[in-house]
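Data block below; observations after.
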Amino acid sequence: MARTEEVEVTNMCMICDGKGNVLVQNKKNHPTWHGWNFPGGHVEKGEFITPSVIREMKEETGLTIENPKLCGIKEFLRAKDGVRYIVFLYRADKFSGELKSSAEGEVFWYPLAELEKSGELISGFREMLSVFTGDPLSEIYYERSGDELKTVYC
């Protein structure tokens, strides 16, 4: 059995302002993924995971985060090509800089307590919130059975 496979590695970060708000991105320019989520992006070849999330936050929000903490992962096998897709999920509450939107989408502060109720969230994001905010949970993945996806939490 092969011990290697093609993997796409990404990150996402919930930035907290210490006042009950989180930084949300309204993703507009992605071909298939539209709506609200947390900012994030791809890990570049040769780049380590934590530095990649610091870089992505700076590029997409204008903020330089400090000491991001890994709070979980999300993974799935992409249906169109079977490539494993892994998202490293981070939280950060220390940052500096001036908030600014990017080509990835508009960024803004939003009350965390109200986020789950929003009808603007990207598909699948609501399920990830429990990993970002729930200490006992550290992973979310999807099992496929035919055309049906089952969400599994660990």
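The values are calculated or read from the model by the stated rules, or taken from the named source; none is laboratory data. For clarity, every value in this text was computed on a predicted model and none was experimentally measured. Neighbour counts run over all protein chains shown; Cβ positions are idealised from the backbone, glycine included. Side chains included, ligands, DNA and RNA excluded: accessible areas come from the protein's heavy atoms. Shrake-Rupley method; radii C 1.70, N 1.55, O 1.52, S 1.80 Å.
Determine, yes or no, whether S96 is of a type in the set (S, T, Y), more than 16 Å from F132 (Cβ to Cβ) and surrounded by 13 or more Cβ atoms within 10 Å (Cβ to Cβ). Spell out the reasoning first.
Values: of a type in the set (S, T, Y): yes; more than 16 Å from F132 (Cβ to Cβ): yes; surrounded by 13 or more Cβ atoms within 10 Å (Cβ to Cβ): no.
No; evaluated as a whole, the condition is false for this residue.
Here's the yes/no breakdown for (1) in contact with a Lys or Arg (Cβ under 6 Å, 6 or more places away or on another chain); (2) among the small types (G, A, S); (3) at pLDDT below 95:
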residue	(1), (2), (3)
A2	no, yes, yes
V24	no, no, no
K27	no, no, yes
H30	no, no, yes
E47	no, no, no
G62	yes, yes, no
R78	no, no, yes
L89	no, no, no
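In segment 108-125, which residue that is under 14 Å from the mean Cα position of the chain (by Cα) and surrounded by 15 or more Cβ atoms within 10 Å (Cβ to Cβ) is modelled with the lowest pLDDT?
Start the filter on segment 108-125 by keeping residues that are under 14 Å from the mean Cα position of the chain (by Cα), which leaves 121-125.
If we keep only those that are surrounded by 15 or more Cβ atoms within 10 Å (Cβ to Cβ) too, we end up with 121-122, 124-125.
Values: L121: 93, I122: 91, G124: 85, F125: 90.
Only one residue fits best here, namely G124.
Can you tell me which residue is most open to solvent (accessible area, probe 1.4 Å) among those in segment 1-18 that are in a loop (DSSP other than H, G, I, E, B) and not charged (D, E, K, R)? Outline the logic, then answer.
Applying the first criterion (in a loop (DSSP other than H, G, I, E, B)) to segment 1-18 yields 1-6, 17-18.
Filter once more, so that each one left must be not charged (D, E, K, R): 1-2, 4, 18.
Numbers: M1: 221, A2: 81, T4: 117, G18: 78 Å².
Filtering segment 1-18 for residues that are in a loop (DSSP other than H, G, I, E, B) and not charged (D, E, K, R), the one most open to solvent (accessible area, probe 1.4 Å) comes out as M1.
Go through (1) among the β-branched types (V, I, T); (2) outside any loop (DSSP other than H, G, I, E, B); (3) more than 18 Å from T133 (Cα to Cα) one by one and return the number of the condition V22 breaks.
In the conditions (1) among the β-branched types (V, I, T); (2) outside any loop (DSSP other than H, G, I, E, B); (3) more than 18 Å from T133 (Cα to Cα), V22 misses (3) alone.
Any residue in segment 69-84 that is farther than 12 Å from N11 by Cα and in contact (Cβ under 8 Å) with a residue 24 or more places away in the chain sitting within a Cβ distance under 9 Å of a residue that is open to solvent by 50 Å² or more (accessible area, probe 1.4 Å) and of a type in the set (V, I, T)? List the pairs, counting only those 6 or more apart or interchain.
Between residues of segment 69-84 that are farther than 12 Å from N11 by Cα and in contact (Cβ under 8 Å) with a residue 24 or more places away in the chain and residues that are open to solvent by 50 Å² or more (accessible area, probe 1.4 Å) and of a type in the set (V, I, T), the close pairs are V83/V7; R84/V7.
Residues of segment 131-148 being touching a residue at least 12 places away in the same chain (Cβ under 8 Å) and exposed (fewer than 15 other Cβ atoms within 10 Å of the Cβ), which ones? Spell out the reasoning first.
From segment 131-148, those touching a residue at least 12 places away in the same chain (Cβ under 8 Å) are 131-133, 137-142, 144; that's our starting set.
If the condition is that a residue be touching a residue at least 12 places away in the same chain (Cβ under 8 Å) and exposed (fewer than 15 other Cβ atoms within 10 Å of the Cβ), then S138, E139, R144 are the ones that fit.
Quick one: G105 ticks every box in (1) on the phi > 0 side of the Ramachandran plot; (2) open to solvent by 40 Å² or more (accessible area, probe 1.4 Å); (3) of a type outside the set (A, V, I, L, M, F, W, C) except a single one, so which number is it?
The one condition G105 does not meet is (2).
For (1) farther than 15 Å from V9 by Cα; (2) touching a Ser or Thr at 6+ places or on another chain (Cβ under 6 Å); (3) of a type in the set (S, T, Y), each residue gets a yes or a no:
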| position | (1), (2), (3) |
| --- | --- |
| V53 | no, no, no |
| K58 | yes, yes, no |
| I86 | no, no, no |
| K100 | yes, no, no |
| G146 | yes, no, no |
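Condition first: within 22 Å of K94 (Cα to Cα) and over 14 Å from the mean Cα position of the chain (by Cα). Now tell me which residues in segment 20-46 satisfy that.
Scanning segment 20-46 gives G20, N21.
Scan segment 61-93 for residues that are within 30 Å of E148 (Cβ to Cβ), open to solvent by less than 40 Å² (accessible area, probe 1.4 Å) and not in a strand (DSSP E or B) and jot them down.
The answer is V83, and nothing else.
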